[in-house]
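The values are calculated or read from the model by the stated rules, or taken from the named source; none is laboratory data. Since we're looking at a predicted model, the values are computed, not measured. Glycine gets a Cβ as well: all are built from the backbone with ideal geometry, and neighbour counts include every protein chain shown. What goes into the accessible areas is simple: the full protein's heavy atoms, side chains included, and nothing from ligands, DNA or RNA. Shrake-Rupley method; radii C 1.70, N 1.55, O 1.52, S 1.80 Å.
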Amino acid sequence: MYDYCLVVNAGSSSLKFCVYQQTTGGPWSLESRGQIEGIGTAPVLSARDASGQSLVKRSLEGTVRDGRGALDALAEWLRSMYAGGRILGAGHRVVHGGARFASPVVVTPEIVEELRKLIPLAPLHQPHNIAPIEAVRERMPDVPQVACFDTSFHRGQPAVAELIPLPASIRAGGVQRYGFHGLSYEYIASILPEAAPEIAHGRVIVAHLGSGASLCALRDGKSIESTLGFTALDGLCMGTRAGSVDPGVILHLFQGLGMSPQEVETVLYKKSGLLGISGISNDMRDLIGNPDPNAQLAVDYFIYQTAKMIGALASVLGGADAIVFTAGIGENSPDIRRRICQSSAWLGIDLDEAATQAKGSRISKPQSKVSVWVLPTNEELMIARHTGRLLGLI
Ligand code: AMP
């Protein structure tokens, strides 16, 4: 009989999952990775094994209507795929851990209540993260669960980095900079000693550039600053989120344009960023090389804003030893990496063009003052590791 750990990353319209198998005395090994996409519209279950071979691709239309239904469908597929196996634990990605959760926790009913209190701080993500925790508790009550937070890795930042300079009475309600993408940054920090030992204890700026995008300043593997703040709206330009905007613009949306809170939320989270600038797409692949001037402006702004913030983080660190690119755009677009590095050349970056094209992990020349790396992130493995450790499984 085999023992497994299930990792769940639930969003508003998708439920991503990974199944890890426990190897005797060793680390978790990936068995399968998949998702149920299109929840609420045209749900489809798909999964691949560790080598990338398809295990299933099946429409769930008519059977899955919401997140709970998706979890039922996943449980059924798991039972058929891993018949006789035991799920020893389930680890969940939870976007917001507030000020209290500075590390992952074993889930109890009291913890779920605490996580609910944080819904106003992440209304578009937190409810979807909590739903599968409750569904597992109802349907698989014997499976212990661990919540892993996107904010935890950033706790311990200096007070000035966490501060939002509003009156104390407002700050007392939890208004502070939290930072996100923490599981991605924690994973990168965890592999640096092996992947890039010469920078592991130095000043490293990690660029998590995916459909959500942010930067994190690491000193000796610890987060000391990041570009996302109170919510996942701050900082860099993202697929559908604007990143930093003058707060006066938000007042204008309410007072000048008479928008409702719901409309403002939709503009800020779903209609801005690459999509808002280009009017074409939120996907970088549709914009790179697109002759439409608005597509070019979107790419230019993405690069401009990222390079500008790299400068800010380099200043916080008192200089930089390395830049690490990760996530969808960071791992897969040599073009965007090159242009960001060109804009940040003043830091002392000397790119190795051949290495960039070859997808090598170090893409700067040996003499480059600041080394540049491409390191694939793995948030799910980070969750599996936390789950195994907290449940005493590994
Ligand atoms: P993530 O959120 O990390 O899964 O990243 C998803 C995003 O990565 C997509 O929306 C694309 O914009 C981007 N992406 C993936 N592959 C490429 C590529 N080859 N070139 C540019 N962007 C890419």
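With each pseudo-label sitting 7 Å past Cα toward Cβ, what's the Glu76-Ala172 distance in nm, one decimal?
A separation of 5.2 nm, rounded to one decimal place.
Suppose we look only past 39 Å in the calculated P(r) of the chain. What percent of the Cα-Cα pairs does that tail hold?
Tail of P(r) above 39 Å: 17 percent of Cα pairs.
Please report, to two decimal places, log10 I(q)/I(0) for region 201-285 at q = 0.16 Å⁻¹ as given by the Debye formula with identical point scatterers on the Cα atoms and no solvent.
Taking Cα atoms of region 201-285 as identical point scatterers yields -0.68.
Which percent of Cα-Cα pairs in region 243-394 sits in each 5 Å bin, short to long?
Computed distribution, short to long bins: 2, 8, 13, 15, 15, 14, 13, 9, 7, 3, 1, 0.
Applying a 10 Å radius around every beta-carbon, put 340-350, 244-254 in order of their mean neighbour count, most first.
340-350, 244-254
Once the whole set of protein chains is in place, how much accessible area is left on Met140, using a 1.4 Å probe, in Å² to the nearest 10?
Ignoring ligands and nucleic acids, Met140 comes out at about 40 Å².
Leaving out same-chain residues fewer than 8 places away, which lysines sit with a Cα under 26 Å from that of Lys117?
Lys16, Lys270
Subtracting the Cα-Cα distance from 0.36 nm times the residue separation, let me have the gained length for Gln296 to Asp335 in nm, one decimal.
Using 0.36 nm per residue and subtracting the Cα-Cα distance, I get 12.8 nm.
Within the set of other residues whose C-beta is less than 9 Å from the C-beta of Leu30, count the net charge using Lys and Arg as +1 and Asp and Glu as -1.
-2
What is the distance in Å between the Cα centroid of region 1-21 and that of region 327-383?
Their Cα centres are 30 Å away from one another.
Within the P(r) computed for region 177-248, what percentage of the Cα pairs occupies the region above 18 Å?
So the pairs more than 18 Å apart make up 38 percent of the total in region 177-248.
Ranking request for peptides 143-151, 183-191: highest mean number of other beta-carbon atoms within 10 Å first, then the rest in descending order.
Ranked from most to least packed, the peptides come out as 143-151, 183-191.
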